[in-house]
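This report concerns only the one structure given below.
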Amino acid sequence: MTATHDVTIIGGGIVGLATAHALSQADPRCRIAVLDKERHWGAHQTGHNSGVIHSGLYYAPGSAKARFARAGGEAMYRFCAEHGIPVQRTGKVVVATAEDQLPRLAELARRGTANGVRVEELDSARLREREPNVRGLRALLVPDAGITDFPAVCRTLAELLAERGADLRPSTELVGVHRDGAELVLATDRGEVRTRRAVNCAGLHSDVVAELAGATPPARILPFRGEYYETTSFRRDLVNALVYPVPDPAFPFLGVHLTRMVDGSLHVGPNAVPALAREGYDWATWSGEHLRRLVRDPGLRVLAKEYWRTGAAEIARSVLKPLFVRAARQLVPDLRSRDLLRAEAGVRAQAITPDGTLVDDFLVVEDEHWVHVLNAPSPAATASLLIGEDIAARIGARDR
Ligand SMILES: Cc1cc2nc3c(=O)[nH]c(=O)nc-3n(C[C@H](O)[C@H](O)[C@H](O)COP(=O)(O)OP(=O)(O)OC[C@H]3O[C@@H](n4cnc5c(N)ncnc54)[C@H](O)[C@@H]3O)c2cc1C
């Protein structure tokens with residue numbers, strides 16, 4: 001007979017580990033397990049992102065993203081400082097390069113202010129003082145954006161959990177779920193795990209895990225790959241910090257930006273192209289099952305009809321480097337194709353509803369035994385410590 005856990009978390013990305021951390025802080029006696037199918041923590045979205053601590057600029061006022069990004073960012077700065085994880089409050093600029101982007105830049109400033117984010121408007125001369133190689137008509141400076149190493153955050157969370165006696169099980173994949181009285185029996189490729197409650201933080205597989213648990217997820221995961229280039233080492237000084245374009249409000253991605261990472265490297269990206277498998281990190285990785293599902297997905301058909309132009313342009317920039325470089329040169333005209341080397345891509349778990357809406361906000365649903373995190377795209381790494389606290393509070397409320 002295996003011991004029963006109070007809460008088992010499926011997925012050891014930053015959201016799953018932060019949830020376990022919050023649960024163990026709220027109740028040190030809580031018997032917690034974390035399962036991840038990979039050998040290392042944070043092997044998927046968390047280990048393949050831009051490493052940016054977002055400030056809450058972009059998100060609709062009142063949304064969970066807006067609430068959690070700003071306070072979550074501050075919590076992340078504190079956590080990193082406390083545990084010796086590299087972190088820098090670099091600030092970032094969002095740059096309008098054409099007249100028609102100015103109203104959207106002004107709207108971003110309004111949103112940021114409504115969300116309590118410090119925002120400063122820069123004219124082109126002040127932008128040049130801050131970022132001499134960046135060309136733009138106007139910009140917003142967001143001083144509280146910054147950078148960190150999210151995989152290092154995961155390693156630290158796992159260490160803290162191990163110290164508090166949590167049952168950490170990497171290389172353990174959930175493959176089935178059944179009930180035994182008041183308990184859940186989680187079938188894994190390494191035997192059974194018994195638990196009173198479970199939290200689904202499976203990222204790119206969160207809809208599949210929800211179905212294994214017997215739920216009907218209101219949205220499915222549509223994986224979008226984000227591809228990056230890295231500048232050669234002698235072009236790392238092209239920008240001083242983070243440089244973003246004005247995002248397209250119809251699309252939930254921020255557009256190709258320049259990101260200084262904590263190791264000093266300079267990344268350009270990510271774009272957003274459909275991935276041909278949930279973990280489709282390049283065009284050569286595809287899954288017949290995934291593609292069959294996509295073809296049958298009514299939501300995807302609606303989306304494709306609406307966005308085929310944007311999608312085709314993104315795919316062209318993905319396969320033709322000169323087009324990618326041309327887009328990035330709108331921000332940094334000095335950038336040359338020879339300055340850029342392909343870097344590792346990431347795949348975003350973006351939820352889509354059956355009517356073709358890309359779910360903008362975080363999406364969490366619960367039932368008697370489960371909390372399912374069904375949409376935790378950017379800025380969920382930034383906000384992870386607060387998302388974890390929110391989930392721990394939901395579980396605590398059920399136990400009271
Ligand atoms: C290209 C890119 C750039 C981004 N940039 C930023 C940024 O700069 N700042 C920011 O805040 N956010 C950013 N994000 C978003 C951020 O990375 C994610 O929101 C966050 O990492 C989500 O964490 P997670 O724990 O939910 O998912 P993940 O990190 O994907 O973790 C899910 C885990 O579940 C495991 N799993 C899945 N199925 C099973 C199963 N059946 N059994 C056991 N384990 C399972 C997986 O192995 C995985 O480790 C970016 C994302 C991408 C892809």
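Among the residues in region 163-177, are any over 25 Å from Asp189 (Cα atoms), of a type outside the set (Phe, Trp, Tyr) and part of a helix (DSSP H, G or I)? Within region 163-177, one or more residues are over 25 Å from Asp189 (Cα atoms), of a type outside the set (Phe, Trp, Tyr) and part of a helix (DSSP H, G or I). Can you find a residue that is assigned to a loop (DSSP other than H, G, I, E, B), more than 26 Å from Ala213 (Cβ to Cβ) and within 13 Å of the ligand (Cβ to nearest atom) anywhere in region 309-323? No; the residues of region 309-323 include none that is assigned to a loop (DSSP other than H, G, I, E, B), more than 26 Å from Ala213 (Cβ to Cβ) and within 13 Å of the ligand (Cβ to nearest atom). Just one of (1) closer than 28 Å to Thr231 by Cα; (2) surrounded by 17 or more Cβ atoms within 10 Å (Cβ to Cβ) fails for Leu323. It is (2). Only one entry of Leu331, Leu358 meets the criterion of being more than 13 Å from the ligand (Cβ to nearest atom), touching a residue at least 40 places away in the same chain (Cβ under 8 Å), among the hydrophobic types (A, V, I, L, M, F, W, C) and under 20 Å from Ala277 (Cα atoms), and that entry is Leu358. The single residue among Val246, Val256 that is crowded, with 20+ Cβ neighbours inside 10 Å, outside the structural domain of Thr4 (by TED's automatic domain parsing), away from the ligand (no atom under 15 Å from the Cβ) and touching a residue at least 40 places away in the same chain (Cβ under 8 Å) turns out to be Val246. Annotation: Thr216 fulfils all but one of (1) part of a loop (DSSP other than H, G, I, E, B); (2) farther than 22 Å from Gly47 by Cα; (3) in contact (Cβ under 8 Å) with a residue 60 or more places away in the chain; the unmet one is (3).
Scan region 279-309 residue by residue and report those that are closer than 20 Å to Phe251 by Cα and either among the basic types (Lys, Arg) or surrounded by 14 or more Cβ atoms within 10 Å (Cβ to Cβ) (or both).
Taking region 279-309 first, the residues closer than 20 Å to Phe251 by Cα are 294, 297-309.
Scanning region 279-309 gives Leu294, Asp297, Gly299, Leu300, Arg301, Val302, Leu303, Ala304, Lys305, Tyr307, Arg309.
Matching residues to (1) without any contact (Cβ under 8 Å) to a residue 24 or more places away in the chain; (2) near the ligand (Cβ under 10 Å from one of its atoms); (3) not assigned by TED's automatic domain parsing to the domain that holds Ala397:
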{"site": "Ile10", "(1), (2), (3)": "no, yes, no"}
{"site": "Leu17", "(1), (2), (3)": "no, yes, no"}
{"site": "Lys37", "(1), (2), (3)": "no, yes, no"}
{"site": "Asn49", "(1), (2), (3)": "no, yes, no"}
{"site": "Gly62", "(1), (2), (3)": "yes, no, no"}
{"site": "Arg70", "(1), (2), (3)": "no, no, no"}
{"site": "Met76", "(1), (2), (3)": "no, yes, no"}
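Can you tell me which residue within region 334-355, out of those that are acidic (Asp, Glu) and in contact (Cβ under 8 Å) with a residue 60 or more places away in the chain, is nearest to the ligand (Cβ to nearest atom)? Taking the candidates together, the pick is Glu344. In this structure, is Val177 within 14 Å of the ligand (Cβ to nearest atom) and either more than 29 Å from Ala26 (Cα to Cα) or touching a residue at least 60 places away in the same chain (Cβ under 8 Å) (or both)? So Val177 does not fit the description; no.
Looking across region 187-231 at every residue that is more than 22 Å from Arg296 (Cβ to Cβ) and among the β-branched types (Val, Ile, Thr), the one that is surrounded by the fewest Cβ atoms within 10 Å (Cβ to Cβ) is identified as Thr188. Whenever a residue of region 378-400 is closer than 25 Å to Leu358 by Cα, its partners that are polar (S, T, N, Q), lying with C-beta atoms within less than 7 angstrom and at least six residues away or across chains, give the pairs Ala381/Thr46; Ala381/Asn49; Gly388/Thr19; Ile391/Thr19. Among residues of region 284-293 being in a helix (DSSP H, G or I) and over 22 Å from the mean Cα position of the chain (by Cα), the one that is nearest to Val359 (Cα to Cα) is Arg293.
The values are calculated or read from the model by the stated rules, or taken from the named source; none is laboratory data. Here the structure is a predicted model, which means the values were calculated and not measured. In this analysis, Cβ positions are derived from the backbone assuming ideal geometry, glycine residues included, and neighbour counts consider all displayed protein chains.
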